[in-house]
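Below is one structure, written out as structure tokens, with a few remarks after it.
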Amino acid sequence: MSQNQLQQMIDYKAICDLKASFGRLADVKDWEGYCNVFTNDCEFDFGGGVIVKGGQAGTDVIADMLKGSVSIHRAYMPEIEFVSPTEAKGIWAVNDYIEWEPDPETGSRAGQMGYGREYETYSKADGIWKIAHWRLRYDRLDPLPHAPLPPTFLGGPEVMQDADYVKSVVDPNGT
């Protein structure tokens, strides 16, 4: 195996980790961390001619879209092509679930489940890969059923959210 092939394997892993962080940080609403996955001049293409330029500006738009929501973002089946040692392109199959606060009077749910592709360009600077261009295209977008959720599910969602456990996995040394 050549040194170039080994470096590409290391870079492939780093890009996959970057994409995992992209989804997790959006779901936990860590907008400072989320912004750090993008280059300062990242271009976000939301479709329909909506282009947002700048890592912070794009993060702000997404944070506003997800405000008050529960979201789950999944990216899988990466197709990553290395253009140079510091540039790569990727296509990811994606699935997202976004649910906003229910109607306070009726309990009616509002949200969507999306299925599609994200097209990205990555840039490596100072040994760190970041997303330099991001484009989302849905193949299917389904509204959530409007019926209210049952009041409990195996003890309720609050029981299943264990912040201390999550913190111990993310930062086992407590630093």
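Numbers at a glance
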item	result
All positions within region 78-128 that are within 25 Å of PRO143 (Cα to Cα) and touching a helix residue (DSSP H, G or I) at 6+ places or on another chain (Cβ under 7 Å)	TRP92
Leading residue by the ranking (farthest from PHE46 (Cα to Cα)) among those in region 148-161 that are at pLDDT 60 or above and either charged (D, E, K, R) or surrounded by 10 or more Cβ atoms within 10 Å (Cβ to Cβ) (or both)	GLU158
Per-region count, region 40-88, residues in contact with a Leu (Cβ under 9 Å, 6 or more places away or on another chain) and part of a helix (DSSP H, G or I)	0
Scope region 35-62; condition crowded, with 16+ Cβ neighbours inside 10 Å, among the hydrophobic types (A, V, I, L, M, F, W, C) and either touching an Asp or Glu at 6+ places or on another chain (Cβ under 9 Å) or within 16 Å of LYS19 (Cβ to Cβ) (or both); matching residues	CYS35, VAL37, PHE38, CYS42, PHE44, VAL52, ILE62
Tally, over region 103-117, of residues that are farther than 30 Å from TYR76 by Cα and without any contact (Cβ under 8 Å) to a residue 40 or more places away in the chain	3
Candidate set: region 1-39, residues that are part of a helix (DSSP H, G or I) and among the small types (Gly, Ala, Ser); chosen: the one nearest to VAL70 (Cα to Cα)	ALA26
Pairs, first among the aromatic types (Phe, Trp, Tyr) in region 22-42, second modelled with pLDDT of 95 or more and in a loop (DSSP other than H, G, I, E, B), C-beta under 8 Å, six or more apart	PHE22/VAL37
Members of region 92-109 found to be buried (at least 17 other Cβ atoms within 10 Å of the Cβ), within 17 Å of the chain's Cα centre (by Cα) and not aromatic (Phe, Trp, Tyr), listed by number	VAL94, ASP96, ILE98, GLU99
ALA132 being modelled with pLDDT of 85 or more, assigned to a strand (DSSP E or B) and surrounded by 14 or more Cβ atoms within 10 Å (Cβ to Cβ)	yes
Residue within region 101-121 that is part of a loop (DSSP other than H, G, I, E, B) and at pLDDT 95 or above present	no
Given (1) among the aliphatic types (A, V, I, L, M); (2) under 15 Å from the mean Cα position of the chain (by Cα); (3) within 16 Å of ASP17 (Cα to Cα); (4) surrounded by fewer than 18 Cβ atoms within 10 Å (Cβ to Cβ), number of the condition ALA75 does not satisfy	(4)
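The values are calculated or read from the model by the stated rules, or taken from the named source; none is laboratory data. Owing to the predicted nature of the structure, the values given are computational and were not obtained by experimental measurement. Cβ: placed from backbone, ideal geometry, glycine included. Neighbour counts: every protein chain shown.
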